[in-house]
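Scroll down for the structure; my scribbles are underneath it.
What follows draws every value from the coordinates through simple rules; no lab data is involved. It should be emphasised that the depicted structure is a prediction, and the values quoted were computed from it without experimental measurement. Because the Cβ atoms are built from the backbone with ideal geometry, glycine has one as well, and the counts that use them run over all protein chains shown.
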Amino acid sequence: MSETHASKQIDHVMHEHRLFPPSKEFSNKARISTAEQYQEMYDRAKNDPDGFWGELGRNELHWFKPFDSVYERNGDVATWFGGGQTNLSYNCLDAQIAGGRGDRIAILWEGEPGETLTLTYTELHRQVCKFANVLKSLGINKGDVVSIYMPMTPELAIAMLACARIGAIHSVIFAGFSAEAIADRNQDARAKIQLTADGLWRRGKVLKLKDTVDQALLKSPTVQHCVVLKRIDRECSMQAGRDIWWHEAMESASADCPATPLDSEATSFILYTSGSTGKPKGIRHTTAGYNLWVKKTFEWVFDHRDSDIFWCTADCGWITGHSYVVYGPLSNGATVMMYEGAPNFPAEDRFWSIIERHKVTILYTAPTAIRAFIKWGDQHVDAHDLSSLRLLGTVGEGINPEAWMWYHRKIGGERCPIVDTWWQTETGGILMSPLPGVTATKPGSCTRPLPGVVPMIVDEELQPVEPNHGGMLCISQPWPGMLRGIWGDDERFHEQYWARVPNNYLTGDNARLDRDGYYWIMGRIDDVINVSGHRLSTIEVESALVSHPMVAEAAAVGRPDDIKGQAIAVFVSIKGSGSTAGLADELKAHVRKEIGALAVPDDIRFTSSLPKTRSGKIMRRLLRDIASGKAETSQDTSTLEDYTILAKLRSDEE
Ligand code: WT7
């Protein structure tokens, strides 16, 4: 087939026409309630970023020293609020207390075994100050890297805020990673201290974190001390001179620790994210720009008000936990629900029981969780009163329209708007999302860019694509929350995000803009399936499969094919425990009907589960190797959640 212009674009084959405007009741009470309001903000941020962000910067953050410029383009990235000094921990704590919110609950926590704990802003401030003094007493100064490998307990948030308070840079590592992964990250970051716990609860079992850390520290030569939180109260080895118990160190620590004034561009944290190949990269975020971005996006997207109890189910080991469990909500004085454990312990209704008992008003979770709930069955939901909910959100992957509909009906009772938020570790906070009081939502679309976000979609020749054609999604104007680099690797930073489309941030995702101005994320650029010159997006094929009543989850990948270039292979997991006899043919017919002959899968394999990263993303790259019959994968499997699944998928082939 000749290389026509169209073949450089991604074909769009999915049809979704449902539209869900917010109710009058919701809109009337919302902070942003009309399309005109949004448009005015959007236009001002685009055309007068200096004025828009200058005003917000001055009004929304506390300045020890005022900034003298709003932003300056500086090579690939822009720097924000130059000359100013502020502090993330101050804005989350001291500023809230000064504003009269000291007695409000900041963190409402539930452990997996069932115990609960609340911390007011005043109490949280005190703990943070004490722990900041502990860090100082162990030789931690401004600019030092603190490696955190802890359970989802309030102490994890305390540790992060304590670092921010004194300008130490935290690197939070999700507490499911291996010793090897911790050591790699510690070495790359040159971490000076390790924070951990004796263990954590997961599905009723103890995960011995300290044992894993002991292994990791054998290969972390820069780490001098290890502070250990007692969570499980079990025996664990403590190395004299190196290891210190959290509670013992806290006993004698003073609660007086003023926040250190930090330059706007000071690194607040690094967070490792797995690249498509090779070693993980430490994404570097700043102080002022990041803080302003998460503060405002939290307010706009979640329409936050004082009566809310906000629950983001992400772990602080991911950017979602950084931005929407800790820094975004707390800099708005919000009450945050925090849960330690698994969604299916002691039973599959744990989330709904938490919402009912704590009267959660906003739930922000991942499509992978929603698909699991659907698979587990409606009876778990039906047993609980979810009427406290007023708003729902999703993040992490595209949501298949049928999963969206279930979330809307079953969890939202058809009254809660759904905000499908698109963003990345690199972007610091949400870039595209409905505004719940304004935007009529379409299932599967993250709708529109937030103020300050200027997207552009180009084909492989860097030409802008027409509406309804897919291409590479870039962001053409800097925004305050964007990453400022990859820790210790400027070259990779430039190569990965800036080299391909000059002066634009390359997101690595494909997207399409529809005729109503709505964006649809089509999956990663590298995952496109090329069948006879037609370039198909993974999510469209998968969504067609998921719209079949028996399908719980699906992953679509391309495998080499002599005639078509690539053939479509799909991996499908079904709801309940029904029989799959005859289902493959039925699914082929279903896809033909939903999107056409072009997208009919060549191979269909049924599987009980799909390989996922520890943050719940389907690992299509691994499936590609399996679909093409490779005995060994060339891909990085270190982020794979359940290694046995690979072997299972391979043995299903016979
Ligand atoms: C990638 C970023 C966003 C914080 C958590 C994940 C995919 C994320 C959506 C969405 C479609 C989405 C993209 C993106 N993604 N949200 N609402 N719709 N895709 O952060 O691990 O850095 O992953 O997740 O592919 O690039 P991350």
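Details
- Fully extended contour minus Cα-Cα distance, from K24 to R73, at 0.36 nm per residue: 13.4 nm
- Spatially, region 1-75 and region 177-244 are offset by 41 Å when compared through their Cα centroids.
- The gain in end-to-end length when the R104 to D48 segment is fully stretched comes to 16.5 nm, 0.36 nm per residue minus the alpha carbon separation.
- Net charge over other residues, Cβ less than 13 angstrom from the Cβ of H408 (K, R count +1; D, E count -1): +2
- Calculated FRET value between T580 and D256, using beta carbons and R₀ = 60 Å, to 0.05: 0.40
- Under the convention that each Lys and Arg Cβ holds +1 and each Asp and Glu Cβ holds -1, the size of the dipole of the chain around its Cα centre is about 720 debye.
- In region 331-420, GluC sites (Glu not before Pro) in a DSSP loop with at most 16 other beta-carbon atoms within 10 Å: E414
- Isolated Cys residues of the chain, judged by Cβ distance under 4.7 Å to other cysteines: C92, C163, C226, C236, C312, C316, C416, C446, C474
- Given charges at Cβ of Lys, Arg, Asp, Glu: region 521-653 dipole, positive-most of A589, S651, T637: T637
- Nearest 10 degrees, 0 to 90: helix 367-376 Cα axis against the chain principal axis: 70
- E632 versus D526: modelled label distance in nm, points set 7 Å from Cα along the beta carbon direction: 1.9
- Stokes-Einstein D (µm²/s) once Rh is taken as the Kirkwood radius of region 521-653 over alpha-carbon pairs, at 20 °C in 1.002 mPa s: 143
- Simple spin-label estimate for N141 and D233 in nanometres, 7 Å along Cα-Cβ: 4.1
- Total charge dipole magnitude, region 377-500, about the Cα centre, Cβ charges on Lys, Arg, Asp, Glu only, Debye to nearest 20: 580
- Evaluated at q = 0.12, 0.21 Å⁻¹: base-10 log I(q)/I(0), Debye formula over Cα of region 1-143: -0.94, -1.24
- Using alpha-carbon coordinates, inclination of helix 35-47 to the longest axis of the chain, degrees: 70
- Sites R492 and A440 - FRET efficiency at Förster radius 41 Å, r taken between beta-carbons, to 0.05: 0.50
- Per-pair calculated FRET efficiency, R0 = 25 Å: A342 and D603 via Cβ, rounded to 0.05: 0.15
- Environment charge at H125 (Cβ cut-off 13 Å; Lys +1, Arg +1, Asp -1, Glu -1): +1
- A straight chain from R650 to N503 at 0.36 nm per residue would run longer than the Cα-Cα distance by 48.6 nm.
- Label point of R305 set 7 angstrom out along Cα-Cβ; within region 417-448, amide nitrogens under 18 Å from it belong to 417-419, 435-439.
- With Cα atoms, 0 to 90° folded angle of helix 288-302 axis to the chain main axis: 60
- Net +/- balance of residues flanking D382 in space, Cβ distance below 11 Å, scoring K and R +1, D and E -1: -2
- Using the empirical formula 2.2 N^0.38 Å as the baseline, the Cα radius of gyration of the chain reaches a ratio of 0.93.
- Estimated from helical segments only, the mean residue ellipticity of the chain at 222 nm is -8000 deg cm²/dmol, where each DSSP H run of four or more residues counts as -39500 (n - 2.57).
- Chymotrypsin sites (Phe, Trp or Tyr not before Pro) restricted to DSSP loop in region 483-591 with at most 11 other C-beta within 10 Å: none
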